[in-house]
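Structure record follows, encoded as structure tokens.
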Amino acid sequence: MQVGRYEILEIIGTGAHGRVARAHDPLIGRLVAIKIFPKELASGEARQRFIQEARVVGQLSHPSIITLHDMGIDEATQTPYLVMEYLEGQPLDRILEKGSIPLPRACAWAAEVASALGVAHRKGVIHGDVKPANMLITNDGRLKLMDFGMARLASRDSAATPLAGTPAYWCPEQIIGKPQDARSDLFSLGIVLYEMVTGQRPFDAESLQGICARVLSSTPLPPSHANASVPASFDDLVARCLAKDPAARYAAADALAQELYPLARRAPLPAPMPQSNANGNGLRDRASRLLRSA
């Protein structure tokens, strides 16, 4: 099978918005990951939205955002596709199936997501589907935020946008049909943080109606209730992410990242941090060291 110039080797994932394949780029001679979308996105207004979204996502550059190499619509089949870097690893949701994650590692990974979201938000892009299944943990321990397929320009009124994504990670404004902004992504990240450290979702229920009711009206127990090793400062951080009122959440993803990094440093580091990090490389270099040590 071929899509554009790319030779499809195998399908490695399927979802509500398309399939992901491992493929070979014969022009450059490298492996790539290709997300193949439904043909409906190749015609009319949907075609223009697809192209616009690909252009916006293609402008995002961050070590924790999976790189978009190319996009196109296959002429023979009218199949839209995105071409991304191919990485060996497994999504965070599969790792969570084995249980909770140590606090320092969870905070380091979440800080990387928050830092990546900060870059996207400054470009006017809301991810819109922050969840463990969209976070790839590579074989060398790095985190890559994937699938901006739900992303929308922050300047666009999303009140009329149908509910999309995974209910367990929805924010209140998404459920009641109010416009979403950067703080909506942080609510979803707060849910992921809670789940990583406790092994439980804060708003879990047996039905869609039950999940929505809990997101809108219930206050989950602090993470320390399920994990006694969690400090009070982490409880406060998660509670702020999960505030029903967006105005009570962190105003920016970078502010959340700044509070997560010290919690990630609770684990002993293998060696003293070089002075050069403090002089100019900033949070990103420190996060890389933390991920290797967590």
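The values are calculated or read from the model by the stated rules, or taken from the named source; none is laboratory data. Every value quoted in this text rests on a predicted model; they were computed, and no experiment measured them. Virtual Cβ from ideal backbone geometry, glycine too; neighbours counted across all protein chains shown.
Assorted remarks:
- Filter result for Pro80 (modelled with pLDDT under 95 and crowded, with 20+ Cβ neighbours inside 10 Å): yes
- Exactly one residue out of Arg201, Arg240 is in the same structural domain as Lys131 (by TED's automatic domain parsing), closer than 15 Å to Ala168 by Cα, out of contact with any Leu (no Cβ under 7 Å at 6 or more places or on another chain) and of a type in the set (Lys, Arg), and it is Arg201.
- Residue count, segment 179-218 (criterion: touching a helix residue (DSSP H, G or I) at 6+ places or on another chain (Cβ under 8 Å) and assigned to a loop (DSSP other than H, G, I, E, B)): 10
- Subset of segment 128-138 (residues that are in a loop (DSSP other than H, G, I, E, B) and touching a residue at least 60 places away in the same chain (Cβ under 8 Å)): Val130, Lys131
- From the list Gly58, Gly15, Gly99, the one residue that fits, being of a type outside the set (Phe, Trp, Tyr) and on the phi > 0 side of the Ramachandran plot, is Gly99.
- Taken as a whole, segment 29-41 holds no residue that is part of a helix (DSSP H, G or I) and among the aromatic types (Phe, Trp, Tyr).
- Hits in segment 100-135 (condition: at pLDDT below 95 and among the polar types (S, T, N, Q)): Asn134
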